[in-house]
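Q: Supplied in structure tokens, the structure appears directly below.
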Amino acid sequence: MGEGRGSAMIVVAVLCLLAVALQCEVAQAATYVVGGGNGWTFNTSGWERGKKFKAGDVLVFNYQKGAHNVVVVNKAGYDGCSTTPRNAKVYTSGKDQIRLVKGLNNFICSLPAHCASGMKIQISAA
């Protein structure tokens with residue numbers, strides 16, 4: 001009877017350690033405000049330099065609702081300032097929070113001439 005109880009205690013201990021490890025992984029996600037105090041605006045390109053992004057980190061895009069938007073695009077959309085693919089996700093709340101995926105994450109403002117004026121960023125997340 002004592003042997004079974006000891007095994008159960010070990011299982012419980014292992015499960016507790018796993019739960020703590022999972023919580024630590026979630027807690028490591030960082031939140032970044034795109035553009036810092038200026039928010040998501042013209043000439044934001046370059047804001048990402050020097051930062052180490054990881055998959056799961058959250059980007060916060062702050063801007064005046066209606067004045068801008070945030071569109072998640074592929075590399076061609078980023079390079080050409082176009083909403084490629086056509087079903088690209090568009091955010092318009094003015095306080096958008098977007099979780100990074102592993103690899104390249106491309107964001108533009110699709111309002112006329114905004115992307116060409118520097119409202120685009122490309123983030124590489126490990």
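Please treat every number below as a calculation from the coordinates, not as lab data. If you're wondering where the values come from, they're calculated on a predicted model, not measured in any experiment. FYI the Cβ positions are ideal-geometry reconstructions off the backbone, even for glycines, and counts take in every protein chain you see.
Q: Taking 0.36 nm per residue of sequence separation and subtracting the Cα-Cα distance, how much length would be gained by fully extending the chain between residue 28 and residue 90, in nm to one decimal?
A: On the way: separation 62, 0.36 × 62 = 22.32 nm, distance 2.70 nm.
Taking 0.36 nm per residue and subtracting the Cα distance, the gain is 19.6 nm.
Q: Can you give the FRET efficiency to the nearest 0.05 for residue 124 and residue 67, using r as the Cβ-Cβ distance and R₀ = 41 Å? Please report the intermediate quantities before stating the final value.
A: Details: r = 28 Å, r/R0 = 0.68.
FRET efficiency, residue 124 to residue 67: 0.90.
Q: Sort 123, 108 so that the residue with the fewest other Cβ atoms within 10 Å of its own Cβ comes first and the one with the most comes last.
A: Values: 123 20, 108 27.
Ranking 123, 108 by Cβ neighbours within 10 Å, fewest first, gives 123, 108.
Q: Okay, moving on. Please rank 49, 99, fewest neighbouring Cβ atoms within 10 Å first, as an exposure proxy.
A: Numbers: 49 7, 99 13.
The fewest-first ordering by Cβ neighbours comes to 49, 99.
Q: Could you work out the pair-distance distribution P(r) of the range 29-125 from its alpha-carbon pairs, with 10 angstrom bin width and percents rounded to whole numbers?
A: 18, 56, 26, 0
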